[in-house]
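Here's the structure, in structure tokens; my notes come after.
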Amino acid sequence: MGEFGFEVHSQKGSYIKLRRSGVEQKETLTIPLHRQLDTGTCKAIFRQASKYIPEEQLFPFFYE
């Protein structure tokens, strides 16, 4: 997510918060740091990130 301007803001346990400052608000993503992610978790991260980044730009990073 660094390519989209997000930086690690904090970490608690096996989760990190990524943050970037938007025009009107701070944009935050919470991402689990697990070796393997379930399909549903990947979809949830995609949905969360697509609030701030157009899906067309995100798609190549999540799906081949």
Count of segment 4-32 residues which are over 16 Å from ARG47 (Cα atoms), of a type in the set (Asp, Glu) and within 11 Å of the chain's Cα centre (by Cα): 1
Strands (runs of 3 or more DSSP E) (entirely within the chain) containing at least 1 residues that are on the phi < 0 side of the Ramachandran plot, in contact with a Leu (Cβ under 9 Å, 6 or more places away or on another chain) and exposed (fewer than 14 other Cβ atoms within 10 Å of the Cβ): 7-12, 15-21
Odd one out for THR28 among (1) of a type in the set (S, T, N, Q); (2) under 14 Å from GLY2 (Cα atoms); (3) at pLDDT below 90: (3)
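The values are calculated or read from the model by the stated rules, or taken from the named source; none is laboratory data. In this text the structure is predicted, and so the values were computed from the model without any measurement. Heads up, the Cβs are rebuilt from the backbone with ideal geometry, glycines too, and the neighbour counts pull from every protein chain shown.
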